[in-house]
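S.K.: Handing you a structure now.
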């Protein structure tokens, strides 16, 4: 476990250094908050909307697709390490595994899950809704 | 060949009797990681200066010229001191805890990721078996920090930037991870030292890209995905100054803003290091081989010298050479990233996502399968 | 454990056929959305799976995948049942899919994958593949329940099912880990060996582990007190999905329960019998009583399915091989009875989903009313229908195991249940019609109804019909 002492030390030191820089800055910097200065940025005007609106659903769709692929990649990492020992069987099995996942990918692609909402290139206006093909 | 940890050996030599082994390891780690963070901070500051010079020369101007004398070399230091003295504001309505925590998390996780990175054969502090896994995991934490900053700022520009960051990073995490599979298959290890070791031979040119031709497209894919992961142009949509003011850092000022800045350059350097180790030979180069031949005595199993030193008995010089070679490779990667930034215009968010999901991901999978087939045919 | 060999894959041939069909449907989904291709592919795959499974002798037993899966007569029986259920539901759903905007390839893919899960649940010889199989069923079922996105009822049902289902799965996983911790293995044989060798008396931890696993499985079969999801889910889901849940999902849960209780937990039969008797008794009574108060036909059938789950559990509760065989008989006949009743609900459309929608059906559609009457009689357990054979076999096994009180309770509950089903029958035959004559049934629905009715009748007239097939684990 000795190797991990370095990791712990690294994380603690990284946290310590960033924290000390923050503290140093708050000691050195001046403090002169004015209401205008503290307003959220809006090109010099009064802010006319706060960020409480809904985001386009594509962002969530992307996140869901990410789960699919990330699990796939996590499974592939240990495979890659022992690839030489597995030989051809390993290659074939991974081809099957990737093939099944690719079917899911093709499904998502063919059904428009990968289209970004309101693509400018197709001249559609952004409606915040996924396209229904 | 195996090399001991230099600092550890040094400390072990001077430590008094009775000091437990773990204490030496701990002191080694603390000294080493402090050195590492220092090196990375200096390189990040140097990269900031480099970026200004590179962009200047690409645009037919000089960039910083005055501070410090020669080509404005001290510009970054001056900027750092200035940013440290600035007033740091927290906008009204912001989530104060998250707002302060976000930049610290962003910078801290990159520094933490560095802990597993060997900078020279004998200059490492956490020789863990999960090396590259740990580095990718820690550097992915920066995304959390960016999303936190966008959420906490109470500004719509910040939130849009953060959401873009989230979408973009999750989309490019996949090709990044898959394209790394190809060299991992050749290396057979997550450990960065062992991966570098696996590329020694052929007079320092047995790089993974030369061992397997399919690693060349994998390296290109890795580079593109790394650009997106580090939010560099043409994938700098989370900042996108022409549409989102400054994206997720719109509301940040002073030292907290500089944390994001530092993180960007540190992340570029880190990604380039990973790419250098897993594609382009790590420490290995003809210079390294020469230095190893000249300065290092190879020890046999019983401790006796198998081969007398070529010229001098100076292993430190070998380590310095190897570290310099790796740093040079990584800095060349950083330079490439800058070159791309000032050459290619920014893409739209839908183009970013299309490229990530529709082109890079399938391409990366195909490349990995081909690389695997090649390896199998060779064995 | 060695690598997977082709012989191992051969054991999974029926599952692989269904899986292949599902993948083909997914791959072509964007082109087949408005065609009948998904239905045809599913039917062909189900027929192929039936044929491949039926070819194997019921007495053959083979292990595969390092003892994780076993292809024996028990697995064969439930594989046949799942494939047949899949085919019947597909036939029922065809018309409904055409009339609504349910995406057809996705619907059929989910049905196919859930059927794969059912087959795997019956052939698992290890707790982990069993858990994965059950998850495959339930995850497909969550989506199927909510597949009509535009209907708030369906969304509500899916969310309720999802929340309670994932909770039950998590608890079951906890039970699995407890059992694994106490016995050091997850294979059924290994658990049985370890439990036999263990010192006298079950530790509280073991009872807890067994309780969690049995509870998780009881959730799948919707036995009281793990039944609360069923009525809401059946009501909110579209009728073919409800039919699939009531028939297939329940059969798979019973299959898993039977194998776990008889093989893995065999040495602890005292503990499991106590739990199962309680589950069975509560389900039989509560299901029958509450069904009497329903006005929604799908809800009524949901409570009826709860009561029937109780009856089916009586077989396993006796802890003997004969008991397990009785449960198998019950599951098989119940699947066809309930599919038939649900099929009539589907065929009659909106009218079929209300209990008072059946008024005067005999005057308008004598054939349909007679078929419905057959299913209602079978669900009640009247002689000369499969329902009687099924009830007789489980009650006999309960009596054989000395559970006289449970048998008496079951008979009394049947009397209450008779009132429930006869209410519908009386409406059909003795009330004046208040609604227009229903449309003619589609040929596919007629075919499926004929299959279900045929099985229901055959099971009553030839009580020994399934005797050579019900090979308990």
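The values are calculated or read from the model by the stated rules, or taken from the named source; none is laboratory data. Computed from a predicted model, the values in this text were never measured in an experiment. Cβ: placed from backbone, ideal geometry, glycine included. Neighbour counts: every protein chain shown.
S.K.: Quick one: would you say residue B:120 is buried (at least 17 other Cβ atoms within 10 Å of the Cβ) and at pLDDT 80 or above?
M.R.: no
S.K.: Sticking with this structure for a sec: Kindly indicate whether residue B:360 is closer than 27 Å to residue B:239 by Cβ and buried (at least 22 other Cβ atoms within 10 Å of the Cβ).
M.R.: Criteria met by residue B:360.
S.K.: Checking residue B:288 against (1) modelled with pLDDT of 85 or more; (2) surrounded by 15 or more Cβ atoms within 10 Å (Cβ to Cβ); (3) more than 14 Å from chain A (Cβ to nearest Cβ); (4) within 20 Å of residue B:206 (Cβ to Cβ), which test does it fail?
M.R.: Of the numbered conditions (1) modelled with pLDDT of 85 or more; (2) surrounded by 15 or more Cβ atoms within 10 Å (Cβ to Cβ); (3) more than 14 Å from chain A (Cβ to nearest Cβ); (4) within 20 Å of residue B:206 (Cβ to Cβ), the odd one out for residue B:288 is (1).
S.K.: Name the residues in the stretch B:167-191 that are within 30 Å of residue B:90 (Cβ to Cβ) and within 7 Å of chain A (Cβ to nearest Cβ), would you?
M.R.: Within the stretch B:167-191, B:167, B:170 meet the criteria.
S.K.: Would you mind telling me which numbered condition in (1) in contact with a strand residue (DSSP E or B) (Cβ under 7 Å, 6 or more places away or on another chain); (2) outside any helix (DSSP H, G or I) residue C:8 fails?
M.R.: Status for residue C:8: all satisfied but (2).
S.K.: Inspect the stretch B:192-200 for any residue being surrounded by fewer than 23 Cβ atoms within 10 Å (Cβ to Cβ) and part of a loop (DSSP other than H, G, I, E, B) and give the result as yes or no.
M.R.: So far as the stretch B:192-200 goes, yes, one or more of its residues are surrounded by fewer than 23 Cβ atoms within 10 Å (Cβ to Cβ) and part of a loop (DSSP other than H, G, I, E, B).
S.K.: Within the stretch C:83-111, which residues are surrounded by fewer than 19 Cβ atoms within 10 Å (Cβ to Cβ) and part of a helix (DSSP H, G or I)?
M.R.: Passing the criteria: C:98, C:99.
S.K.: Helices (runs of 4 or more DSSP H) wholly in the stretch B:314-379 with at least 1 residues that are farther than 20 Å from residue A:73 by Cβ and away from every other protein chain (no Cβ under 14 Å) - which ones?
M.R.: Fully inside the stretch B:314-379 and qualifying: B:315-341.
S.K.: Shifting gears a bit: Quick check on residue C:402: is it surrounded by 15 or more Cβ atoms within 10 Å (Cβ to Cβ), at positive phi and without any contact (Cβ under 8 Å) to a residue 40 or more places away in the chain?
M.R.: Here the answer is no, as residue C:402 does not meet what is asked.
S.K.: Let me ask another. Which of the residues belonging to the stretch B:232-248 are surrounded by fewer than 21 Cβ atoms within 10 Å (Cβ to Cβ), assigned to a helix (DSSP H, G or I) and under 25 Å from the mean Cα position of the chain (by Cα)?
M.R.: B:241
S.K.: Using beta carbons and a limit of 6 Å, which pairs, at least six apart or on different chains, have the first residue in the stretch B:63-86 and within 14 Å of chain A (Cβ to nearest Cβ) and the second one assigned to a loop (DSSP other than H, G, I, E, B)?
M.R.: Partner pairs satisfying both residue conditions: B:85/A:29; B:86/A:29.
S.K.: Residue check, residue C:150 against (1) part of a helix (DSSP H, G or I); (2) surrounded by fewer than 15 Cβ atoms within 10 Å (Cβ to Cβ), all met but one. Which one?
M.R.: Residue C:150 satisfies all of (1) part of a helix (DSSP H, G or I); (2) surrounded by fewer than 15 Cβ atoms within 10 Å (Cβ to Cβ) except (1).
S.K.: Being modelled with pLDDT of 85 or more and part of a helix (DSSP H, G or I) is the requirement here; does residue B:181 meet it?
M.R.: yes
Residue by residue, here is whether (1) surrounded by fewer than 24 Cβ atoms within 10 Å (Cβ to Cβ); (2) in contact with a helix residue (DSSP H, G or I) (Cβ under 9 Å, 6 or more places away or on another chain) holds:
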residue: C:324; (1), (2): no, yes
residue: C:333; (1), (2): no, yes
residue: C:336; (1), (2): no, yes
residue: C:344; (1), (2): no, yes
residue: C:351; (1), (2): yes, yes
residue: C:354; (1), (2): yes, yes
residue: C:360; (1), (2): yes, yes
residue: C:364; (1), (2): yes, no
residue: C:368; (1), (2): yes, yes
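S.K.: Name the residue that is surrounded by the most Cβ atoms within 10 Å (Cβ to Cβ), counting only residues in the stretch B:141-158 that are without any contact (Cβ under 8 Å) to a residue 60 or more places away in the chain and facing chain A (nearest Cβ under 10 Å).
M.R.: Checked the stretch B:141-158; the qualifying residue surrounded by the most Cβ atoms within 10 Å (Cβ to Cβ) is B:156.
S.K.: Check A:105, A:75 and return the single one that is under 20 Å from residue B:188 (Cα atoms) and more than 7 Å from every other protein chain (Cβ to nearest Cβ).
M.R.: Just one listed residue meets the conditions, A:75.
S.K.: Being part of a loop (DSSP other than H, G, I, E, B) and over 19 Å from residue C:468 (Cα atoms) is the filter here; which residues of the stretch C:61-77 pass it?
M.R.: Of everything in the stretch C:61-77, those that are part of a loop (DSSP other than H, G, I, E, B) and over 19 Å from residue C:468 (Cα atoms) turn out to be C:65, C:66, C:67, C:68.
S.K.: Moving to a separate point now. Could you grab me the full set of residues in the stretch B:92-129 that are closer than 20 Å to residue B:253 by Cα, at the interface with chain A (Cβ under 8 Å from one of its Cβ atoms) and in a loop (DSSP other than H, G, I, E, B)?
M.R.: B:92, B:93
S.K.: Scanning for something facing chain A (nearest Cβ under 8 Å) and within 14 Å of the chain's Cα centre (by Cα), does the stretch B:131-138 turn up at least one residue?
M.R.: Within the stretch B:131-138, one or more residues are facing chain A (nearest Cβ under 8 Å) and within 14 Å of the chain's Cα centre (by Cα).
S.K.: Output the residues belonging to the stretch C:11-32 that are outside any helix (DSSP H, G or I) and in contact with a helix residue (DSSP H, G or I) (Cβ under 6 Å, 6 or more places away or on another chain).
M.R.: C:29, C:30, C:32
S.K.: For the structure I just gave you, tell me whether residue A:23 is at the interface with another protein chain (Cβ under 7 Å from one of its Cβ atoms) and at pLDDT 80 or above.
M.R.: Spelling it out, it is not the case that residue A:23 is at the interface with another protein chain (Cβ under 7 Å from one of its Cβ atoms) and at pLDDT 80 or above.
S.K.: Scan the stretch C:61-74 and tell me whether some residue there is over 23 Å from residue C:6 (Cβ atoms) and touching a helix residue (DSSP H, G or I) at 6+ places or on another chain (Cβ under 9 Å).
M.R.: yes
S.K.: Yes or no: residue C:69 modelled with pLDDT of 85 or more and surrounded by fewer than 22 Cβ atoms within 10 Å (Cβ to Cβ)?
M.R.: Taking the combined requirement at face value, the residue does not satisfy it.
S.K.: Would you mind finding the one in B:260, B:295 that is in contact with a helix residue (DSSP H, G or I) (Cβ under 9 Å, 6 or more places away or on another chain), farther than 30 Å from residue B:182 by Cα and surrounded by fewer than 23 Cβ atoms within 10 Å (Cβ to Cβ)?
M.R.: The unique qualifying residue is B:295.
S.K.: Out of C:120, C:80, C:134, C:130, I need the residue that is farther than 21 Å from residue C:239 by Cβ, part of a helix (DSSP H, G or I), at pLDDT 90 or above and touching a strand residue (DSSP E or B) at 6+ places or on another chain (Cβ under 6 Å). Which one?
M.R.: C:130
S.K.: To continue, here is another question. Among the residues of the stretch C:179-197, write down those that are within 27 Å of the chain's Cα centre (by Cα) and closer than 13 Å to residue C:208 by Cβ.
M.R.: C:179
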